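Encoded as structure tokens, the structure appears first; notes follow it.
The values are calculated or read from the model by the stated rules, or taken from the named source; none is laboratory data. What you are looking at is a predicted structure, and each value in this text was computed from that prediction instead of being measured. Every residue, glycine as well, gets a Cβ built from its backbone with ideal geometry; the counts of neighbours run over all protein chains shown.
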Amino acid sequence: MDLLIQQLVAGLATGGIYASLALSLVMIYQATGLINFAQGEMAMFSTYIAWTLVNAGMPYWPAFFLTVGCSFVGGILIERLVIRPVENAPMLSIVIVFIGLLVVFNSVAGWIWTHTIKPFPSPFPDQPLELIAGTAVPMHAVGVVVVTLAVMALLYFFFRFTPLGLAMRAAAQNPVSSRLVGIRVGRMLALGWGLAASVGAVAGMMVAPIVFLDPGMMSGILLYGFAGALLGGIGNPGGAVLGGFMVGVMENLVGTYVPFVGNELKLTVALVIIVLVVLVRPAGLFGKVSVTRV
Amino acid sequence: MTDALFEVRSLHASYGSTEVLFGLDFTLDHGGITGILGANGAGKTTTLRSLCGMVKTRGQIRFDGRRIDGMATEDIVRLGVAHVPDGRGTFTGLSVEENLRLGAYTRKYRQGVARDLAEVYDHFPPLANRRKQQAGTLSGGEQQMLALGRALMLKPRAMLLDEPSFGLAPLIVEEMFRIVGLINKEQGVSLLLVEQNASLALDLADRAYVLETGRVVLSGPAQQIKGDAKVRRSYLGY
């Protein structure tokens, strides 16, 4: 029972990270129809920025928010400078641009900060939290879940109840009609990228204390995030978040209780999920099947 | 100094390298209703799109005396031009109320929005009953009402209506035209009305232009065109 609760909480914590990445992926997918393969590397790069700030003496939370702000601006710049010029290019060209971004971020991070693994501070106290039945879980895991849920709630509120959030949703769904009500679609796209980059930065800073900071930190995690987004439904932000949490919990429970999986094959669980979803229910658990008239 | 809200001179428009409008001249007066008629493919929809900066154009388009050819759609809209496109252009994934609120997106003063929303629901009771419903699930007539409502939320000076009667039952069309006429009379919104249903349009409009393959072949007061049987038969088919 102890083990189950611990694995559940740990699963929810990593699930929160996957959910954040899944949400970033879905946001860009909804706005552009594209999967941002560089999302993980962008998050990793943001985390290195935070590391630099903290190492220079800045206290954690100011560094955290400054990093989120820089990532927001960075996301907008990437959309304007890298993505906008290839807007109307064939799909394959755009995919290559994304992969190029991935490689550039990864290499530049390794070049600036070297490939030496670095520890990253957690803002949450070190002592474990006592839950029911005397089981103890790390504070950081609980903190990650709380932060993730807070970010999700903020975004939900923004998209659902503010005029700007409504305009962004409209621009993603129907750019032509959006122009007809005066929405500047290009700006909405840039904003979407900024938001996605910010969410990714939060995910990176939350996971770094657990897996330690190095340029390859996010590559596996992006895969989990992708699995979560697919499982929940790539067109559905709420579903993607749920999918992320589900993948996190599944990964931990399968790794613990299914004998032959263990730690080595955990990543394989993510890949199996992806394959199963695409085979059995491509729209995901909560996505809508889109029907096109031919 | 003219009385025209929209003044178009020598309008050419093309899709890529294919030219579809060949030098149109027409006007829309302040508070007036102008009909643009013609058969399928005559260039009526392209004309409305040209006014909104949605296609490549040559020539002069003036709105309230100011050149707007070459301006981006979003900026033309902010001058007070509401375009209800063919196919309605509703945001099918959003709710009825969200669609209407989007119509008010560019308005600087938010106080009037709630009141105008109530007014739209007043004009179109079926929408009031379906505020939270997803727009894509509405019937054709309801979607047309929604498209009109969204245009009204802009508080426009001019509305461009592209085939509002398309695919709708005659009773609904009658009601819709009645409301549109009311809005023109009470709020002074000028209307540019593209219609294949010439008889309906000529009843509502005060002047009309007939297009044929990208050119104006006939123009004049609507009553005059309506009364000329020979003209009606050769150009409008009835």
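Observations on the structure shown:
Conditions tested, residue by residue: (1) free of Cβ contacts under 8 Å to residues at least 60 places away in the same chain; (2) surrounded by fewer than 15 Cβ atoms within 10 Å (Cβ to Cβ); (3) in a helix (DSSP H, G or I).
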residue: A:G15; (1), (2), (3): no, no, yes
residue: A:S20; (1), (2), (3): no, no, yes
residue: A:I35; (1), (2), (3): no, no, no
residue: A:W51; (1), (2), (3): no, no, yes
residue: A:V73; (1), (2), (3): no, yes, yes
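- Count - residues of the stretch B:90-101 that are touching a Gly at 6+ places or on another chain (Cβ under 6 Å) and either among the aromatic types (F, W, Y) or at the interface with another protein chain (Cβ under 10 Å from one of its Cβ atoms) (or both): 1
Per-residue answers, yes or no, for (1) among the small types (G, A, S); (2) within 14 Å of chain B (Cβ to nearest Cβ):
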site: A:L129; (1), (2): no, no
site: A:A136; (1), (2): yes, no
site: A:V145; (1), (2): no, no
site: A:T162; (1), (2): no, yes
site: A:R169; (1), (2): no, yes
site: A:A172; (1), (2): yes, yes
site: A:V181; (1), (2): no, yes
site: A:R184; (1), (2): no, yes
site: A:L189; (1), (2): no, yes
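- Considering residues of the stretch B:212-238 that are of a type in the set (A, V, I, L, M, F, W, C) and touching a strand residue (DSSP E or B) at 6+ places or on another chain (Cβ under 9 Å) only, the residue farthest from B:T47 (Cα to Cα): B:V231
- A:W111 meets all of the listed conditions (1) in a loop (DSSP other than H, G, I, E, B); (2) of a type in the set (F, W, Y); (3) surrounded by fewer than 13 Cβ atoms within 10 Å (Cβ to Cβ) but one, namely (1).
- Test result for B:T57, free of Cβ contacts under 8 Å to residues at least 24 places away in the same chain, assigned by TED's automatic domain parsing to the domain that holds B:Q187 and hydroxyl-bearing (S, T, Y): no
- Every condition in (1) under 18 Å from the mean Cα position of the chain (by Cα); (2) more than 8 Å from chain A (Cβ to nearest Cβ) holds for B:E119 except the one numbered (1).
- The combined condition, being among the basic types (K, R) and exposed (fewer than 13 other Cβ atoms within 10 Å of the Cβ), is not fulfilled by A:R80.
- The set of residues in the stretch B:101-121 that are touching a residue at least 40 places away in the same chain (Cβ under 8 Å) and under 11 Å from A:L166 (Cα atoms) comprises B:R101, B:L102.
- Cross-chain or 6+ apart pairs with Cβ under 7 Å, the stretch B:149-160 first and farther than 17 Å from B:R88 by Cβ, then part of a strand (DSSP E or B): B:R157/B:L5; B:R157/B:S190; B:A158/B:L5; B:A158/B:F6; B:A158/B:L28; B:A158/B:V81; B:A158/B:S190; B:A158/B:L192
- Counted residues, the stretch A:49-94 - those being within 23 Å of the chain's Cα centre (by Cα) and under 23 Å from A:F120 (Cβ atoms): 22
- Tallying residues that are hydrophobic (A, V, I, L, M, F, W, C) and on the phi > 0 side of the Ramachandran plot within the stretch B:34-72 yields 0.
- Residue match in the stretch B:102-115 (condition: within 12 Å of chain A (Cβ to nearest Cβ), under 14 Å from the mean Cα position of the chain (by Cα), part of a helix (DSSP H, G or I) and of a type in the set (A, V, I, L, M, F, W, C)): no
- Only a single item in (1) surrounded by 14 or more Cβ atoms within 10 Å (Cβ to Cβ); (2) without any contact (Cβ under 8 Å) to a residue 60 or more places away in the chain is not met by A:Q127, and it is number (1).
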